[in-house]
1. Which value in Å is the Kirkwood Rh of region 267-360 over different Cα pairs?
2. Grab the Cα-Cα distance for residue 435 and residue 318, subtract it from 0.36 nm times how many residues apart they are, and report the gain in nm with one decimal.
3. Between residue 377 and residue 396, what is the spin-label point distance in nm, taking each point 7 Å from the Cα along the Cα→C-beta axis?
4. How much length, in nm to one decimal, is gained on full extension between residue 85 and residue 147, taken as 0.36 nm per residue of separation minus their Cα-Cα distance?
5. What nm value, rounded to one decimal, do you get for the distance between residue 132 and residue 387 when each label is placed 7 Å out toward the C-beta?
6. Counting only helical runs of four or more DSSP H residues, what would the 222 nm mean residue ellipticity of the chain come to if each run contributes -39,500 (n - 2.57) and the total is spread over all its residues?
7. Give the Rg/Rh ratio for region 1-120, taking Rg as the radius of gyration of the Cα atoms and Rh as the Kirkwood radius, to two decimals.
8. Rounded if a/c is under 1.5, else prolate if a/b beats b/c, else oblate: with a ≥ b ≥ c from the C-alpha gyration tensor eigenvalues square-rooted, which is region 114-153?
Amino acid sequence: MMPQFYSRREPVRYEGPASTSELAYRWYNPDRMVLGKPMREQLRFALAYWHTLCWPGTDPFGGDTFQRAWHHMADGMAAARLKADVMFETLDLLGVDFFCFHDLDIAPEGNSLKEFNANVSAIARIFEKKMAAGNKKLLWGTANMFSNRRFMAGAATNPDPDVFAYCAAQVKHCMDVTKDLDGANYVMWGGREGYETLLNTNIGHELEQARRFLSLVVDYKHKIGFKGPILIEPKPQEPTKHQYDYDVATVYATISSLGLQKDVKVNIEQNHAILAGHSFEHEIALASALGIFGGIDINRGDYQSGWDTDQFAMNVPEMTLAFLEILKAGGFTTGGLNFDAKIRRQSIDPDDILHAHVGSIDACARALLAAAKIIEDGKLAAVVAERYGKWSEPANRAMLEGKQTLEQIAARVHAEGLEPTPRSGRQERLENLINSYL
């Protein structure tokens, strides 16, 4: 019998805004219809295996503060089985439908890749039974190709071709496992795909390696009949100074250069957007405009810290703008909201995990409802439509559609005596409008 990890045994329930319970959903009502879909489908929450169960509470100046039993067990597979039990207990208590994992999260590496793969497959078989029993699903799987010292100079972009080959073998197996578990997506997160100094780096060669690796992964996706997209998660600066997957625009350049826009999308994280010097909503809007929006790692960063703090998302006004862009993009298809967030290292009680997720789930639900109101009301959309309205006129549409040359456009300007008159962008009025929905 597994010892009781949480003090709670009953699942967290929706109790409405008036609830005074510390562990209740006030805004997240999974069956409530929002813009034609149940809230659970609009949000598609997932728990992140690594932060929820694997992170021990370390920082650069101190070690394990959480003291979880599985962190200190000599038998790695016994620890992995215990983690699986706790993960599905957590999913049940929170009423969350999905989870995500790295291969190294769920099983020990052992002494060889063959042993590692066998360990991962053994835990995946446990997952399969638990998923069927509890009606839980895998949002995505991914391979950890950044923790082991073999990856200190990168994974697919490593100068050593043996590392490139090792990565191919590791990803192949993780993709097989993800497909076997009916995962909705497969994620490629280039944790160390970048460089620290040009003195020992051939950028052109490493970019060629990255492109070739992505092509191999997409080819294999089709070979095994994996239906979901490959998701790339942009991340700048950390841990290498110059990451090849810096932001949505950078990733799109790689995807489009290979013509893989139908197969490869992006998984966007708020904290990563901040590190890249962007806003969360900018990255979502750009991905949507480029046709590569896939999913979200939901968290928040610290605007005073220049690293990835992975805090739970609680800023409702900020998230409202993000959810507005998600809804404008058509919402999620295969993607969802993965809680790539960790409790603070002083939050050592197991129940702190539940409190963190409940609070952030409610914050996301409030933001979704506010964003839905903005769309249903239509005032903001009308302002934007009016601002670009003249582009629907035949002559202006002809410019955009390539039906006029530069000379023809210039001649029309002179013939009609065009003298553009600036118009207000009304930013402050629109900011006030957004606040009225919160």
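1. Taking every pair of different Cα atoms in region 267-360, averaging 1/r and inverting gives 13.8 Å.
2. Answer, rounded to one decimal: 41.0 nm.
3. 2.6 nm
4. Contour length minus Cα-Cα distance gives 19.9 nm.
5. 5.3 nm
6. Numbers: 15 runs with 194 residues, N = 438.
Calculated from helices alone, the mean residue ellipticity at 222 nm is -14000 deg cm²/dmol.
7. 1.05
8. Working: a/c = 5.16, a/b = 2.03, b/c = 2.54.
It comes out oblate by the Cα gyration axes.
The values are calculated or read from the model by the stated rules, or taken from the named source; none is laboratory data. Since the structure is predicted, the reported quantities are computational estimates derived from the model, not experimental observations. Because the Cβ atoms are built from the backbone with ideal geometry, glycine has one as well, and the counts that use them run over all protein chains shown. The protein model used for the area step is the full one, side chains on, heavy atoms only, and it has no ligands, DNA or RNA in it. Shrake-Rupley method; radii C 1.70, N 1.55, O 1.52, S 1.80 Å.
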